Amino acid sequence: MIQLLFPFDFVIASVHEIGDIEVYDGTEFYLKKTKEEAQREYLLACLDIVRNFENYNSFGHLDYVARYGHYTDKSIKFAENREILFEILRALASKEKALEINTRLFDDPKTKQFYSDLLINFKKLGGKFITLGTDSHIARRDWLSISKARTLIKKAGFHELATFSGMKIDKNKKSIKE
């Protein structure tokens, strides 16, 4: 088991490739697929990970597929993917895994709406743990996006961010301050 060799504090599970094809611009993943087909395939791969793997603490950037592709509107619509998203959230909640709110695309109001819908439904399905991350790599944008994410998280009824040590939830979770 990898944790015996590398005693990580925290592991994020995520999907970056499907069938050895990267879910990234310039790859064949998006060829001959509508946005809906690409997103469905991606979300089903996420569901497979969430259901079948245990050695992670949080599932990361569920909106990764919305970053790429040749589509004019790349955003994920919660309502159009409700069934799969509910299964993902239900599996995370039942396994007491955290949902990462990734702020990379938070400049787009559609992304904030997607994450708001995720958070509200994760809470309704019994989700307890939220982690906060960003892949934007620009400090000013990171800070603004994190502030927006904190507001969404609190509005959904979560008051703490989960932190981990030795792959276990820390007893002293971080309070969310706006």
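The values are calculated or read from the model by the stated rules, or taken from the named source; none is laboratory data. Please read all numbers here as calculations on a predicted model, not as lab measurements. Here Cβ is always computed from backbone atoms with ideal geometry, including for glycine, and neighbour counts include all displayed protein chains.
The set of residues in the stretch 44-61 being at pLDDT 95 or above, within 24 Å of LEU31 (Cα to Cα) and not acidic (Asp, Glu) consists of LEU44, ALA45, CYS46, LEU47, ILE49.
Could you check the stretch 25-50 and list, in sequence order, the residues that are within 14 Å of LEU62 (Cα to Cα) and not in a helix (DSSP H, G or I)? Full working, then the answer.
Going residue by residue through the stretch 25-50, those that are within 14 Å of LEU62 (Cα to Cα) are 38-50.
Once the filter is applied, which keeps residues that are within 14 Å of LEU62 (Cα to Cα) and not in a helix (DSSP H, G or I), the stretch 25-50 yields nothing.
Restricted to the stretch 12-53, and to residues there that are β-branched (Val, Ile, Thr) and farther than 22 Å from LEU85 by Cβ, the residue that is farthest from the chain's Cα centre (by Cα) is THR27. A search for C-beta distances below 8 Å between a residue of the stretch 1-20 that is over 18 Å from ILE169 (Cα atoms) and any residue that is at pLDDT 95 or above and of a type in the set (Ser, Thr, Tyr), counting only pairs 6+ apart in sequence or on different chains, returns VAL15/TYR42; ILE18/TYR42.
Quick one: how many residues across the stretch 15-24 are crowded, with 16+ Cβ neighbours inside 10 Å and part of a loop (DSSP other than H, G, I, E, B)?
Number satisfying all stated conditions: 2.
Of all residues in the stretch 101-145, those satisfying the criterion of being of a type in the set (Asp, Glu) and either modelled with pLDDT of 90 or more or not in a helix (DSSP H, G or I) (or both) are ASP107, ASP108, ASP117, ASP135.
What do you reckon, is GLU83 surrounded by fewer than 17 Cβ atoms within 10 Å (Cβ to Cβ), of a type in the set (Asp, Glu) and in a helix (DSSP H, G or I)? Before the answer, list the steps.
Values: surrounded by fewer than 17 Cβ atoms within 10 Å (Cβ to Cβ): yes; of a type in the set (Asp, Glu): yes; in a helix (DSSP H, G or I): yes.
Against the criterion (surrounded by fewer than 17 Cβ atoms within 10 Å (Cβ to Cβ), of a type in the set (Asp, Glu) and in a helix (DSSP H, G or I)), GLU83 qualifies.
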